[in-house]
Amino acid sequence: MTTDSASPESTRSTDGFHLVVDALRANGVDTVYGIVGIPITDLARVAQASGIRYIGFRQETSAGNAAAAAGFLTRRPGVCLTTSGPGFLNGLPALANATTNCFPMIQISGSSNRALVDLQRGDYQDLDQLSAAKPFAKAAYRIARVEEIGRGIARAVRTAVSGRPGGVYLDIPGEVLGQTMDAAAAAHTVWRVVDPAPRQLPAPDAVERALDLLARVRRPLIVLGKGAAYAQADEAIRNFVEDTGIPFLPMSMAKGLLPDSHPQSAAAARSLAISRADTVLLVGARLNWLLGHGAAPQWSADAAFIQVDIAASEFDSNQPIAAPLAGDIGSVVSALRDGALARPITAPAQWVEELAERKSRNEAKMRELLSENPHPMRFYNALGAIRSVLQDNPDVYVVNEGANALDLARNVIDMQTPRRRLDTGTWGVMGIGMGYAIAAAVETGKPVVAIEGDSAFGFSGMEVETICRYQLPVTVVILNNGGVYRGDEAPAGSDPAPTVLNARARHELIAEAFGGKGYHVTTPDELRSALTAAIAAGSPSIIDCELDPSAGVESGHLARLNPTSAAAPAAKLSAGA
Ligand code: ADP
């Protein structure tokens with residue numbers, strides 16, 4: 001085969017490698033994230049030669065996470081390329097995570113010889129990848145002949161972005177990539193998918209039902225989820241929220257859809273808003289564990305729910321949905337707005353005042369916490385410094401993972417702009433950090449600040465090399481308290497306690513090892529000036545932020561999900577008992 005960017009027309013034949021690239025290009029794919037190896041190395045070369053940007057990673061899960069984040073940011077499927085067997089398996093957690101988060105991505109994996117795999121004859125890296133991928137993907141397809149490559153890519157693109165977005169697995173055995181066919185005939189096998197994510201208009205009677213309900217209530221609340229951020233219906237959502245005056249609560253990745261400083265934001269009065277709302281309009285948010293399943297005691301036992309979702313099967317998954325609105329968010333929210341203008345619908349003043357009063361009390365408490373200046377630093381003091389720098393840099397993309405580093409940053413770091421925050425998502429998964437940061441930088445060209453717990457960073461830390469190799473404007477701030485949750489647990493034996501890492505680790509040296517810039521900070525002032533300089537430089541950097549190892553609580557805000565051993569309670573162990 002050749003590695004020319006164009007199909008080798010002069011030889012009147014083309015091959016599977018070129019056809020995959022032709023089909024990706026025909027469908028607007030301009031970036032591929034992956035790791036090369038047998039049998040897809042030439043696929044990456046041909047892609048790069050064709051003008052597609054190829055970003056090579058150090059571990060496939062991060063490449064897959066990057067593809068998923070690209071899908072969330074662009075509404076086009078992010079593409080991840082993996083090798084057979086173990087490389088494929090490393091990509092699978094990211095595919096599963098993308099599917100869970102409703103992000104469109106396609107994992108294209110090379111695979112071993114079908115005839116050998118199916119008779120279990122022991123081929124190189126043999127695995128029935130199609131079967132393995134099925135439970136973790138929205139759909140899984142295999143391309144068995146070179147003539148089917150265009151169709152396979154079209155099908156993967158369509159499936160990934162239409163309806164509820166998700167991860168699609170596309171298996172291409174090595175022998176198919178190497179097959180040749182007549183170039184003129186091959187050109188007819190590739191097509192561009194027309195309108196890959198068609199609008200889905202809501203039924204007029206469903207809109208009426210929802211508006212009737214909203215018009216009667218005393219304490220309405222709008223919950224905006226990451227589906228609302230993904231939908232890119234920013235103006236429609238903003239208009240509806242502002243026209244009705246109904247308080248809104250953003251889920252973490254919907255922060256910035258309307259600015260966190262918006263007077264109608266109920267974020268600083270979250271518990272009160274949830275427990276007192278009598279009617280809740282869910283827009284691209286599921287009533288899963290992140291929302292206490294919509295149940296008492298977090299919610300009022302007789303709260304009524306209106307839900308906007310593209311997947312009708314989501315309705316009634318946890319609570320009765322009094323007014324289901326099946327459709328795409330842009331269309332549904334525009335229809336709601338038109339109907340609301342005709343009625344009109346407003347938020348009762350007493351409810352707005354009740355929330356405003358709680359908000360100002362909680363905001364005062366937050367200001368107090370942020371103004372403390374203990375030494376060594378604790379989470380709030382470090383986050384206060386980050387917050388002030390990011391307020392001056394609203395264009396920055398924020399990636400956030402960890403336990404305490406996630407829970408506290410989510411509350412402290414305000415977002416002003418839609419889709420600027422990427423975090424652990426529906427699963428609360430660790431390890432997304434560097435993959436998401438790389439995708440945010442590659443897809444947008446804007447500066448990225450990844451706010452990481454020291455434990456969370458470890459899951460994808462080697463991708464700092466990738467960040468440095470591509471000279472991406474990514475600053476990784478590591479809130480280093482030396483442990484999973486915290487770093488001061490006493491050991492039960494001679495080894496470190498299970499939660500303990502290394503509070504004196506100098507993570508910034510990792511950046512320096514690969515040509516990036518490292519900063520080590522111990523005070524909020526040092527952190528503020530390091531982060532300001534790092535963002536301004538627009539090049540790879542790590543800020544190791546030394547925190548008090550006793551800062552942090554076990555399981556962050558999720559302590560209620562953590563079953564404690566009755567025989568050996570954590571508190572007893574940490575006291576060295
Ligand atoms: P969060 O975690 O922020 O609460 P979820 O991931 O639970 O958000 O919910 C996102 C929801 O948004 C999913 O149920 C998904 O089906 C839905 N969704 C995604 N894109 C669209 C869209 N364009 N229109 C309507 N619903 C959408």
Classify the stretch 336-481 as rounded, prolate or oblate from the Cα gyration tensor: take a ≥ b ≥ c as the square roots of its eigenvalues, call it rounded if a/c is under 1.5, otherwise prolate when a/b beats b/c and oblate if not. oblate
The stretch 50-123 to the stretch 319-387: how many Å between their Cα centroids? 36 Å
Using alpha-carbon positions, the gyration tensor of the chain gives root eigenvalues a ≥ b ≥ c; with a/c under 1.5 called rounded, otherwise prolate if a/b exceeds b/c, else oblate, the class is oblate
Cα-based Rg of the stretch 315-401 normalised by 2.2 N^0.38 Å, two decimals: 1.71
Computed over the chain, the relative contact order (Cα-Cα under 8 Å, seq sep at least six) in percent reads 12 percent
Sparse-neighbour loop sites [trypsin sites (Lys or Arg not before Pro); the stretch 66-128; at most 13 other C-beta within 10 Å; DSSP]: R121
I want the local charge near A210. Using Cβ-Cβ distances under 14 Å, sum +1 for each Lys or Arg and -1 for each Asp or Glu among the other residues. -1
Hey, what's the per residue convex hull volume over the C-alpha atoms of the stretch 107-169, in cubic angstrom? 75 Å³
Might you tell me the accessible area per residue for the chain, computed with a 1.4 Å probe and given in Å²? 39 Å²
Please compute the contact order of the stretch 41-125 in relative form: average sequence separation of alpha-carbon pairs under 8 Å and at least six residues apart, divided by the residue count, as a percent. 27 percent
Sort L221, L213 by heavy-atom solvent-accessible area, probe 1.4 angstrom, most to least. L213, L221
Computing the accessible area with a 1.4 Å probe over protein heavy atoms, can you report the carbon and sulfur percentage for the stretch 203-307? 50 percent
Cα gyration tensor shape for the stretch 378-430, rounded if a/c is under 1.5, else prolate or oblate: oblate
Can you compute log10 of I(q)/I(0) for the stretch 240-364 with the Debye formula, treating each Cα as one identical point scatterer, at q = 0.14 Å⁻¹? -0.62
Can you give me the orientation-averaged projected area of the convex hull built on the Cα atoms of the stretch 257-322, in nm²? 4.7 nm²
Just grab the label-to-label distance for T41 and S494, each label 7 Å out from Cα along the Cβ direction, in nm (one decimal). 4.6 nm
Charges on Cβ only, +1 for Lys and Arg, -1 for Asp and Glu, centred on the Cα centroid of the chain; of L221, G461, I172, which one is farthest towards the dipole's positive end? L221
How high is the FRET efficiency between D414 and Y124 when r is their beta carbon distance and R₀ equals 45 Å, given to the nearest 0.05? 0.30
What pairs in K359/K446; K138/K226; K226/K446 have C-alpha atoms more than 26 Å from each other? K359/K446
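The values are calculated or read from the model by the stated rules, or taken from the named source; none is laboratory data. From a predicted model like this one, the values you see are computed outputs, not experimental measurements. Ideal geometry is used to build each Cβ from the backbone, glycine not excepted, and the neighbour counts take in all protein chains shown. When the accessible area is computed, the model is the full protein with side chains, heavy atoms only, and any ligands, DNA or RNA have been set aside. Shrake-Rupley method; radii C 1.70, N 1.55, O 1.52, S 1.80 Å.
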